[in-house]
Structure formats: C-alpha cells, structure tokens
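Asks: The structure follows.
We did not get these values from a lab; they are worked out from the coordinates using the rules stated. These figures come from a predicted structure and were not determined experimentally. Reconstructed Cβ throughout: ideal geometry from the backbone, glycine too, with neighbour counts over all protein chains shown.
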Amino acid sequence: MKAVIENLVSRKFGNQTIPAEQNFQFEKSVFLSTFHHLKPEPRRQFHAFCIGLPRSGTHSLSYIFEDHYRAEHEPLRPELIVNLVDFINGRHSKEKMRNILRYRDKRLQLDLESCHFLHHVIEILVPLFPEAKFILTVREPMSWLASEINQNYHTRNNRFCTVIESLRYCKHGFSQDCDALQALPNVYPIPSYLTYWKEHISRMLSCVPPERLLILDTFQISEEIRSIADFLDVPEETLNPGKMWSGQRKKDHIQLYDLVDRERVLADVLKYCGDFIEENLPFMTKYLAFSTSFIDSASTETDEHYA
C-alpha cells in the first residue's frame, strides 16, 4: 500500500499529465492485482478476445455479440493504455503484467473483449488464458491507412491515445516527407503505419496457435457469422450482424487521397506489405490490385462502420 500512497500525485505520461485522482485509481488497481487470486473466476459462456488491427471492425464485432453475451470494446481503456505503456517501457515486469491482466479479466467478466491494444501483450495472454480463443480482424492496407490516419487525427487531444500511438508509430525511425501530412497533428509517416500493420498481424500469427485463431477480412465480417459462431461454439442466431453499422464518421473527415498521391502510397503498400500478404494472407491478394473504385468506397463510405 505504501507504493500506492506515494503516488497520490499527478504523473507525467509521455508529454501528457495524468491527474492525481485518476493516477491514484490506476495505481490502486495495480496494487490490487497482486491479490487477483482472491477474486473468483468469471462464469462465462465462452472466452474470446478480438485483437484485430485498429479500424478493422473490432468495435463492430463487439456489437454483434452484445445482445446475448457480455461483450465490450476497449473497456477500461485509459487504465489499460497506461499499464501497457509502463510494460513496454520496462516499468512493469512480465509477472506484474500477468497479474494486471488476470485481475482485469476478473473485474470485467467478459465473454468477448474486443481491443486492438492487447496485441502488445499477446505473448502473455495466450498462455495466461489457455482456454481462450482469438479473433484477428484484418483490413486491407490502403483503406486502413486512410481510416487510421483519421483516427489518429481525431485522438490528437486524448492524453492516453496519443502516448501509445506515438510509441506505436515513432519506433521505426521514419521521417515525415509529406508536407500535407506534416501539417496534421498526431499523424505519422506512411511507412510507419504500414510497418505497424504488418507487425501487428505477424505478432498475432506467431503467438496464437492456429486452432485458437480465426482470421476475418474486415469487409467480409457480416458474411462470416456462421464461421464466427462455429469457432466459438455458440448458436448462430445469438449473433446480430445488423448491429455492426453503429459507427459514425467524424465531421472533419480527412480525404487522405486528396492529400497524397495514390500511386505513391500503393508503391509503399507493395514494398512494406506485399510479400507478407501473399505469404500469410492469401485471401487478401485480391486487394493488391487496389482498384480506384474500391479504395474510394472502402476509405469513405464504409469507414464509419468499421471501427
């Protein structure tokens, strides 16, 4: 408890500040996680995580389940981000992170947690919850890039998201060479996004046993309801794909391909992701042609749905 009391102060978090009261709540949870074994195991109908790419349908997937199951999208997000950043930066040991994740799971008691941030600890989650299954939603790079850049722009004033986004996209050492993107706050170089796209998927493929992993194309989720139900061993009629269309596009939506040359971006996609797609995601090779009509529709009209 001494460590908790000593943290009754505000805390620097990246270039942001966590207010004292909120920081106390976060530190209290970390302290209590040491005693996670005192909390009973959750009673659930199944146990699954959706850890797809951001902007790939993770929110939509949680909506599908919420009629009949305990499903949430990014629950306790600020607290989770702080703990993930502390783990990445070495402030939390692996053992402490295990305790935090176990305690978090018992607090939430979810059947399905849908949260892309959890890919940072997938190496811990897989053995920690040996009965859990994992869903990986994958969105083709061109429309994903437009959507994620918009998301980063809209989270530019969020003290938690900006820190983990900076860790995610600044670690590769790419410099911004596009004046139009340079002018947008919290927007990163295109190669940084594409490198992360590949790394996120690769990490999931490497860490999750094939029999515990279901890979879904973002634009085919509504057609894969039976596959999802079979994978989790739940009745198909308990899933509601009609609830997928619940997202709302922000008013100041950026039209990425009005700002950057489409062919240049496509060249980067092929450079950073092309071989990986062909080797690991053969169902996505159809997108490598990236017709203009598909990119225009996928990066605008459907973006409001696939959060």
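Asks: Cut-off is 10 Å between beta-carbons; in what order do SER175, SER60, SER114, SER166 appear when sorted fewest neighbours first?
Replies: Going from sparsest to densest Cβ surroundings: SER175, SER166, SER60, SER114.
Asks: Run the helix sum for the chain: -39,500 (n - 2.57) per DSSP H stretch of 4+ residues, divided by residue count, reported at 222 nm to the nearest 500 deg cm²/dmol.
Replies: Taking each H run of at least 4 residues, the total per residue is -13000 deg cm²/dmol.
Asks: Take every DSSP beta bridge whose two residues both sit in the chain, then give the antiparallel share in percent to the nearest 5.
Replies: 20
Asks: Tell me which lysines have Cα within less than 28 Å of LYS243's Cα, excluding those fewer than 8 residues away on the same chain?
Replies: LYS106, LYS133, LYS251, LYS286
Asks: Run down the aspartates and glutamates and flag those whose C-alpha is under 18 Å from the C-alpha of LYS94, throwing out any fewer than 8 positions away in its chain.
Replies: The qualifying aspartates and glutamates are GLU27, GLU79, ASP86, ASP105, GLU123.
Asks: What whole-number distance in Å separates the alpha-carbon centres of region 102-120 and region 190-247?
Replies: Spelled out, the Cα-based centre of one part sits 16 Å from the other.
Asks: Over region 159-278, one equal point on each Cα, no solvent: what is log10 I(q)/I(0) by the Debye formula at q = 0.16, 0.17, 0.23 Å⁻¹?
Replies: Each listed q corresponds, in turn, to -1.08, -1.15, -1.32.
Asks: Go from 0 up to the bin containing the longest alpha carbon distance in region 49-193, width 10 Å each, and give me the % of pairs per bin.
Replies: Pairs per bin, as whole percents: 10, 38, 35, 14, 2.
Asks: If you don't mind, another one. Based on Cβ point charges of +1 for Lys and Arg and -1 for Asp and Glu, what charge dipole magnitude is obtained for region 177-235 about its Cα centre, in debye rounded to the nearest 20?
Replies: That gives a dipole near 160 debye.
Asks: While we're looking at this one, here's another question. Near HIS47, within a Cβ-to-Cβ distance under 10 Å, what is the net charge of the other residues, with Lys and Arg +1 and Asp and Glu -1?
Replies: Net charge around HIS47: -2.
Asks: Using a simple charge model, +1 on the beta-carbon of Lys and Arg, -1 on the beta-carbon of Asp and Glu, nothing else, what dipole does region 65-125 show about its Cα centre, in debye to the nearest 20?
Replies: 420
Asks: For LEU214, list long-range residues whose amide hydrogen, built 1.01 Å from N in the peptide plane, is under 5 Å from its own amide hydrogen.
Replies: Amide H to amide H, under 5 Å and 5 or more residues apart or across chains, LEU214 pairs with PHE134, ILE135, LEU136.
Asks: Taking K and R as +1 and D and E as -1, what net charge do the other residues with C-beta under 14 Å from the C-beta of GLU95 add up to?
Replies: +3
Asks: So, one more: Can you check how the C-alpha radius of gyration of region 1-125 compares to 2.2 N^0.38 Å, as a plain ratio?
Replies: Against the compact-globule rule of thumb, the ratio is 1.10.
Asks: Given q = 0.13, 0.16 Å⁻¹, what are the Debye log10 I(q)/I(0) values for the chain, with equal point scatterers placed on the Cα positions and solvent ignored?
Replies: Result of the Debye calculation: -0.98, -1.44.
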